[in-house]
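What follows is a set of notes on a single structure, which appears directly below.
The values are calculated or read from the model by the stated rules, or taken from the named source; none is laboratory data. Keep in mind the model is a prediction, meaning the values are calculated, not measured. All Cβ positions, glycine included, derive from the backbone under ideal geometry; neighbour counts span all protein chains shown. For accessibility, only protein heavy atoms count, side chains too; no ligands or nucleic acids. Shrake-Rupley method; radii C 1.70, N 1.55, O 1.52, S 1.80 Å.
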Amino acid sequence: QLQLVESGGGLVQAGDSLRLSCAASGRTFNQYDAGWYRRTPGKDREPVATIGYNGRIIKYADSVKGRFTVTRDNDKNTVYLQMNRLEPEDTGVYYCQARYYYNSANTYWGQGTQVTVSS
């Protein structure tokens with residue numbers, strides 16, 4: 001059982017930066033793969049960046065490579081998404097996900113945080 005709470009979204013201009021945080025409850029966060037997903041206007045929810053339970057395997061969507069960085073601090077039960085050089089196309093609701101390494105059926109989602117990038 002895991003609870004996730006995202007924070008850090010907001011309204012910014014193109015070229016600005018934001019850092020999203022996802023705080024997880026529980027004491028076994030180091031046994032969960034994690035990731036950030038977003039739902040943008042006109043699209044279904046899609047993966048933005050994922051990071052393995054120990055931080056060693058990291059993947060990014062092509063659209064954010066070179067601009068976004070996902071990290072995690074298991075001692076703080078937190079995963080981050082640093083977003084630089086934001087573009088209007090990055091606008092959407094960003095969700096944090098955690099998936100239990102030993103049973104992928106145990107997947108948890110945060111409530112989402114809104115990111116809006118104006119031209």
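A few notes on this one:
- Karplus-derived 3J(HN,Hα), 6.51/-1.76/1.60, for each residue of the range 81-88, Hz, glycine and proline x: 9, 8, 10, 10, 6, 4, 10, x
- When the solvent-accessible area of the chain is split by element, carbon and sulfur atoms take up 44 percent of it, the probe being 1.4 Å.
- For residue 72, the amide hydrogen comes within under 5 Å of the amide hydrogens of 80, counting only partners 5 or more places away or on other chains and with H modelled in the peptide plane.
- 3J(HN,Hα) from dihedral phi, the range 19-28, Karplus parametrisation 6.51/-1.76/1.60, rounded to Hz, x for glycine, proline: 10, 8, 10, 10, 9, 10, 7, x, 10, 10
- Taking the Cα centre of the range 26-119 as origin and assigning +1 to Lys and Arg Cβ atoms and -1 to Asp and Glu Cβ atoms, the resulting dipole is close to 160 debye.
- Accessible area, probe 1.4 Å, largest first, for residues 19, 45: 19, 45
- Accessible area per residue for the chain, computed on protein heavy atoms with a 1.4 Å probe, is 55 Å².
- Global geometry of the chain, whether rounded, prolate or oblate, following the gyration tensor of its Cα atoms and the 1.5 cut on a/c: prolate
- Residues in the range 53-80 that a label on residue 104 would reach, taking backbone N under 20 Å of a point 7 Å out along Cα→Cβ: 53-62
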